[in-house]
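So the structure is just underneath, and the comments pick up after that.
Read-outs: derived from the displayed coordinates by stated rules, not from any lab. As the structure is a prediction and not an experimental result, all values here were calculated from the model. All Cβ positions, glycine included, derive from the backbone under ideal geometry; neighbour counts span all protein chains shown.
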Amino acid sequence: MRKKAILYYGLGIFFCLSVLLPIYFLIVLSVSGRDAVYAWPKIFYVANLDWSMFRFFFEVEGVTRAMFNSVLVASLTVVFAIGLGTPAAYALARYNFFGKNFYRIAILFTRAFPVAILALPLTVRFINLGIYDTIWAVVIVHTALALPFSILIQSNLFQSVPKELEEAAWLLGCTKLQAFFKIMLPICMPSVAATAIFAFIISWNEVFAAAVLTVKNRTLTAFLISQISESPLFFQITGSFFLVIPTLFFIFIVRKYLFSLWGITNK
Amino acid sequence: MKPSSVSLETRRVFSAWVLVSPMLLILLFVAAIPLVRTFFFSFTDVSLDDLSVYKFVFFQNYIDFFEGEWYGVLVESVWWKAVYNTLVFALISVVLEVFFGLLVALFLNVSFKGRGLLRAAVLIPWAIPTIVSAKMWAWMLNDQFGIINDILLKLHVLSDPIAWTSNYKTSLFVIIMVDVWKTTPFMALLILAGLQTLPQDCYRAARVDGVHPLRVFFRVTLPLLRPTLVVAIIFRMLDALRVFDLIYVLTPSNESTVSMSVFARQYLFDFDRFAEGSAASTLLFLTICLLTISALRIGKVKLG
């Protein structure tokens with residue numbers, strides 16, 4: 001038994017180290033002043049705390065706005081990916097209509113094209129629509145990116161719930177809408193939450209569409225990639241720091257929901 | 001046939017369409033229309049200067065024979081290099097990610113103290129934006145001030161620092177490694193979520209019968225997990241085959257790591273060869289469709 005415990009904690013420590021070490025180095029670097037980035041030999045811990053890079057970072061025009069935009073775009077993407085994806089997933093799971101199987105495959109194949117190639121033709125379209133360089137343009141593209149995942153996962157999920165539960169609710173006088181909100185959604189809530197988190201992460205991570213579709217209203221990732229060629233390395237490191245820290249908090253807050261993706265757990 | 005039953009059926013179809021159409025509209029607008037336009041342009045001689053002026057050239061962008069020489073995407077050696085790189089990248093990274101993902105998921109499925117925290121910690125690389133992880137690794141792998149060279153030199157594994165991202169021998173390997181680092185958590189998450197829905201009675205029965213744990217894994221866990229695994233592999237494969245961000249940030253303009261997406265993007269927007277870029281995009285799309293459909297067939301899985 002003891003040997004087993006040692007093996008487990010050994011493995012656990014190994015997984016943690018391989019995941020966290022790069023992030024640890026990033027954090028050490030971003031509070032060690034700008035010379036540390038190029039220093040040789042490297043530093044492995046914070047010797048003297050230096051916040052100068054943070055101050056510099058926030059003095060750059062547009063940084064705070066870009067951070068705000070990133071959060072806003074990701075939140076709106078969640079709203080649309082769930083708001084449009086859940087009804088569609090329900091229809092795919094419960095109704096029979098023409099072309100249903102074709103749509104399933106087609107939805108999947110919208111993911112077959114790299115965003116970097118799709119983004120430029122879309123620019124022209126968004127200019128014509130008058131929403132170019134607004135967060136709505138980015139939200140629309142991110143929603144399209146998150147939808148396939150949202151729909152296919154949720155329709156899998158709705159299928160796994162027995163039809164009889166809903167039918168009982170209908171017999172007892174619920175309308176279809178009521179039955180969905182009172183029976184289906186509470187059962188599936190954990191997975192829907194997990195899907196929402198996925199949508200948030202997809203949007204928070206996406207950079208190329210956001211970089212092409214906006215000029216002034218950039219998200220933080222887009223802001224950073226537009227600066228990558230021109231800006232010094234220490235600026236990029238600090239920027240990365242501010243993309244990583246919110247992510248860490250976010251994951252720890254939502255961790256409970258993440259693993260209920262495929263439905264109800266039996267443990 | 002009673003009229004009421006017809007109207008019920010019509011009503012059901014109608015409400016299904018009401019539920020589906022907003023989503024279809026968005027996907028049509030953002031994905032399907034640009035896609036069809038790209039197919040269309042791949043058969044013309046259009047250039048980026050003016051997309052409204054073009055004439056049809058049929059398959060000339062794909063392959064063409066003119067005055068004793070072959071032209072077109074299909075005879076470009078860089079294109080075939082890109083195809084090779086993409087397939088190697090997709091195959092190795094997906095295999096490694098499934099292997100490690102399964103390992104991590106099985107590990108995190110056993111109950112022990114601090115499991116909740118560890119589960120969250122392991123997920124972090126997946127949630128960090130790709131440009132950040134790519135930048136971070138680019139810095140760690142840098143030949144002059146990279147921390148990995150520093151550590152390997154101190155451990156006497158290396159005698160001279162290596163330029164990991166620009167050396168043609170190591171660059172594809174580095175791309176795969178960073179991708180595995182970043183995406184294994186996603187795999188582990190999908191698999192772990194799948195593990196939690198498996199019926200527990202099978203395991204109890206196996207325990208009562210005293211079956212060896214390895215046998216339980218191959219005879220019970222893997223077969224039950226197959227639908228989850230296939231879905232996870234398909235999602236992952238789609239992403240791996242169109243790999244772009246990672247290569248774009250880690251090894252820009254390095255021919256030894258060019259992928260099909262990178263090739264298409266360069267032709268479309270950087271090299272001013274829009275029509276051939278469209279042809280490359282079309283080929284990329286067809287390749288991905290073909291591989292995905294075969295994966296669905298082989299996996300015998302029903303989508304959604």
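Of A:ILE151, A:ILE197, A:ILE117, which is the most mobile in a GNM of chain A whose springs link Cα atoms less than 10 angstrom apart? Fluctuation is largest for A:ILE117.
Per-residue ellipticity at 222 nm computed for chain A from its helices equals -24500 deg cm²/dmol, with DSSP H segments shorter than 4 residues left out and the rest contributing -39,500 (n - 2.57). For chain B, a crude dipole built from +1 on the beta carbon of Lys and Arg and -1 on the beta carbon of Asp and Glu, taken about the Cα centre, is about 2060 debye to the nearest 20. Across the range A:111-123, coupling constants 3J(HN,Hα) worked out from phi with the 6.51/-1.76/1.60 Karplus curve, θ = phi - 60°, read 7, 7, 10, x, 4, 4, 8, 5, 5, 5, x, 5, 3 Hz, and Gly and Pro carry x.
In the protein assembly as shown the Cα-Cα distances spread across 20 Å bins starting at 0 as 19, 52, 26, 3, 0 percent of all pairs.
Every Cα-Cα pair of the range A:1-160 was included, and the share exceeding 23 Å stands at 65 percent.
With Cα atoms as the point set, the radius of gyration and Dmax of the range B:112-201 evaluate to 17.3, 57 Å. Taking every DSSP helix (H) stretch of at least 4 residues in chain B, weighting each as -39,500 (n - 2.57) and dividing the sum by the residue count yields a mean residue ellipticity at 222 nm of -21000 deg cm²/dmol.
For B:THR44, the residues whose modelled amide H falls within less than 5 Å of its own, excluding neighbours fewer than 5 places apart on the same chain, are B:VAL57. Each of A:GLN227, A:ALA169, A:VAL63 was scored by the projection of its Cα onto the charge dipole of the range A:56-260, and the greatest displacement toward the positive side belongs to A:ALA169; charges sit on the C-beta of Lys, Arg, Asp and Glu. Can you work out the FRET efficiency for the pair A:LEU171 and A:LYS100, with r the C-beta to C-beta distance and R0 = 22 Å, to the nearest 0.05? Computed FRET efficiency for A:LEU171 and A:LYS100: 0.25. Each eigenvalue of the Cα gyration tensor of the range A:1-93, multiplied by 5 and square-rooted, gives one semi-axis; in descending order these are 37, 31, 8 Å.
The C-alpha atoms of chain A define a longest principal axis, and helix A:233-258 lies at about 30 degrees to it. Which FRET efficiency value, to the nearest 0.05, is calculated for B:CYS202 and B:LYS169 with the Förster distance at 51 angstrom and r the Cβ-Cβ distance? With R0 = 51 Å, the Cβ-Cβ based efficiency is 0.60.
Is the C-alpha gyration tensor of the range B:172-250 telling us rounded, prolate or oblate? Criteria: a/c under 1.5 is rounded; beyond that, a/b larger than b/c is prolate, otherwise oblate. The shape class here is prolate.
With an 8 Å Cα cut-off and a minimum separation of 6 or more residues, compute the relative contact order for chain B in percent. Relative contact order here is 26 percent. When the chymotrypsin sites (Phe, Trp or Tyr not before Pro) in the range B:108-148 are filtered for DSSP coil states and for at most 13 other beta-carbon atoms within 10 Å of their beta-carbon, the remaining sites are B:PHE112.
Here are some pairs, A:LYS176/A:LYS256; A:LYS100/A:LYS163; A:LYS256/B:LYS182; B:LYS81/B:LYS300; A:LYS4/B:LYS154; which of them have Cα atoms lying more than 23 Å apart in this structure? The answer is A:LYS176/A:LYS256; B:LYS81/B:LYS300; A:LYS4/B:LYS154. Shown is the FRET efficiency for B:ILE63 and B:ASP270, computed with R0 = 22 Å from the Cβ-Cβ distance and rounded to the nearest 0.05: 0.45. In whole Å, what is the distance between the alpha-carbon centres of the range B:165-243 and the range A:153-221? One Cα centre to the other: 24 Å.
Derived scalar couplings between HN and Hα for the range B:112-117 equal 8, 5, x, 5, x, 5 Hz in order, rounded to whole Hz, by the Karplus curve 6.51 cos²θ - 1.76 cosθ + 1.60 (θ = phi - 60°), x for Gly and Pro.
From the alpha carbon centroid of the range B:44-117 to that of the range B:254-304 is 5 Å. Sequence gap at least 6, Cα distance under 8 Å: using those rules, report the relative contact order of chain A to the nearest whole percent. Once divided by the residue count of chain A, the mean separation gives 27 percent. Computing Rg and the Kirkwood Rh from the Cα coordinates of the range B:71-299 gives a ratio, Rg/Rh, of 1.05. Residue-wise HN-Hα couplings along the range A:92-105, as the Karplus relation 6.51 cos²θ - 1.76 cosθ + 1.60 with θ = phi - 60° gives them from phi, are 5, 7, 10, 9, 10, 8, 5, x, 4, 5, 4, 4, 4, 5 Hz; Gly and Pro carry x. Taking 7 Å steps out from each Cα toward its Cβ at A:VAL215 and B:TYR84 produces label points 4.3 nm apart.
Projecting label points 7 angstrom from Cα along Cα→Cβ for A:LEU185 and B:VAL53 puts them 5.5 nm apart.
Relative intensity of the range A:113-267 on a log10 scale, I(q)/I(0) at q = 0.18, 0.20 Å⁻¹, equals -1.08, -1.19, per a Debye sum over C-alpha point scatterers of equal strength in the absence of solvent. Extension gain, B:LEU290-B:LEU74: 0.36 nm per intervening residue step, less the Cα-Cα distance, totals 76.0 nm.
Computed from label points 7 Å out along Cα-Cβ, the spacing between A:PHE68 and B:LEU214 is 6.0 nm.
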